[in-house]
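Taking it in order: structure first as structure tokens, then the write-up.
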Amino acid sequence: MITLNKETIAIKREQDVVFFRNRVNEYAEKIKMGLLNKTKLLTAASELVRNMLIYAKEGKVICEIVTISALQTGIRLTFIDNGPGIADIDKAMTDGYTTGKSLGLGLPGAKRLVNIFDVKTVKGKGTTISITKWKNG
Amino acid sequence: MDKIPILKMGDYLLVTIQVDLYDRLALNLESDLVNMINKHSSKGVLIDISAVNIVDSFMGRILGNIAQMSKILDAHTVVVGMQPAVAITLIELGLPLSGVHTALNVEKGMALLQEKLLLDSTVIADDTDDNT
Ligand SMILES: Nc1ncnc2c1ncn2[C@@H]1O[C@H](COP(=O)(O)OP(=O)(O)OP(=O)(O)O)[C@@H](O)[C@H]1O
Ligand SMILES: [Mg+2]
């Protein structure tokens with residue numbers, strides 16, 4: 001995968017989320033991603049950035065335009081935090097699992113909305129989640 | 001602090017969400033609406049989300065909460081104008097917005113609310129019939 005464009009956005013407060021979502025929207029428009037794919041990407045991003053703020057207090061997101069061939073371009077977002085990590089990632093990835101009193105939809109839902117979903121988490125050290133959405137498909 | 005305006009039109013409350021909803025704003029809308037329904041004994045709430053580009057699990061839940069709470073306060077809630085891409089995404093996310101009435105646009109939403117009000121009054125009339 002080749003990165004064409006890259007930027008890091010710090011997430012510290014809720015207001016940063018609005019800026020971040022606008023930025024992702026601009027990236028999606030830049031590569032002419034279709035409306036449905038864009039909506040899915042933005043929704044997945046919204047879930048992950050909220051998790052970051054709630055469970056890790058803060059973090060950052062690396063936004064990239066990536067390509068694997070002349071035909072396939074997409075957006076990769078990497079959410080990096082130094083929070084508590086996810087104790088049981090298998091459980092966390094199932095619908096309805098939450099350590100709060102929420103619905104436990106964020107992680108499994110976000111995974112369904114993107115093409116590539118990759119989690120690395122170390123207890124006590126933090127969590128890195130990378131998602132990629134292709135422009136087509 | 002941003003605020004989403006709520007318009008009172010007779011028995012109804014009308015909300016048009018024109019800005020990007022972040023969590024605090026959505027939470028404020030929820031409590032503002034509950035207060036307004038209470039204060040005006042409103043019978044219906046119409047929420048136009050045609051300008052909203054993303055509804056994630058949090059905002060979906062807020063819409064569900066508003067519908068549930070208005071029901072407790074004896075009002076109906078109709079969400080109108082959800083973009084097709086948003087609706088598809090919500091289903092894939094796993095949040096099918098159960099319990100929230102939806103309509104294509106404001107006009108159809110109003111018609112639905114009026115229908116529901118009418119139905120309410122017939123049900124009450126039926127009840128009295130049964131008692132006699
Ligand atoms: N960045 C993170 N750092 C630490 N723990 C996390 C992080 N993201 C998720 N988790 C853990 O994984 C669980 C599942 O997350 P998920 O987003 O699926 O559900 P939720 O946030 O609990 O509920 P919902 O997203 O439906 O509001 C969370 O309850 C939390 O314990
Ligand atoms: Mg979550």
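Go through the range A:56-89 and give me each residue that's farther than 17 Å from residue A:131 by Cα and either more than 8 Å from ligand 1 (Cβ to nearest atom) or touching an Asp or Glu at 6+ places or on another chain (Cβ under 8 Å) (or both).
Passing the criteria: A:56, A:57, A:58, A:69, A:70, A:71, A:82, A:88.
Got a number for residues in the range B:50-88 being among the β-branched types (Val, Ile, Thr) and more than 13 Å from chain A (Cβ to nearest Cβ)?
Step one: filter the range B:50-88 for residues among the β-branched types (Val, Ile, Thr), giving B:52, B:54-55, B:62, B:66, B:72, B:77-80, B:86, B:88.
Next cut, more than 13 Å from chain A (Cβ to nearest Cβ) only: B:66, B:72, B:77-80.
Result for the range B:50-88: 6.
Which of the residues that make up the range B:18-54 are buried (at least 22 other Cβ atoms within 10 Å of the Cβ) and at pLDDT 95 or above?
Correct list: B:29, B:33, B:37, B:42, B:44, B:45, B:46, B:47.
Of the residues in the range A:18-47, how many are more than 16 Å from ligand 2 (Cβ to nearest atom), within 8 Å of chain B (Cβ to nearest Cβ) and aliphatic (A, V, I, L, M)?
Going through the range A:18-47 one residue at a time, the tally reaches 3.
Specify which of the listed residues (A:137, A:85) is assigned to a loop (DSSP other than H, G, I, E, B), on the phi > 0 side of the Ramachandran plot and modelled with pLDDT of 95 or more. Give the steps one after another, and end with the answer.
Working: A:137 fails: modelled with pLDDT of 95 or more.
Only one candidate passes the filter, namely A:85.
Among the residues of the range B:4-52, count how many are acidic (Asp, Glu) and in a strand (DSSP E or B). If you could, list the steps in order and put the result at the bottom.
As a first pass, look at the range B:4-52 and keep what is acidic (Asp, Glu): B:11, B:20, B:23, B:30, B:32, B:48.
Filter once more, so that each one left must be in a strand (DSSP E or B): B:48.
Selection size over the range B:4-52: 1.
Mind telling me which of the residues B:50, B:70, B:31 ends up being of a type in the set (Ser, Thr, Tyr), away from ligand 1 (no atom under 15 Å from the Cβ) and within 26 Å of residue A:45 (Cβ to Cβ)?
Numbers: B:70 fails: within 26 Å of residue A:45 (Cβ to Cβ); B:31 fails: within 26 Å of residue A:45 (Cβ to Cβ).
Just one listed residue meets the conditions, B:50.
The values are calculated or read from the model by the stated rules, or taken from the named source; none is laboratory data. Computed from a predicted model, the values in this text were never measured in an experiment. No Cβ is skipped: glycine too gets one built from the backbone with ideal geometry, and neighbour counts run over all protein chains shown.
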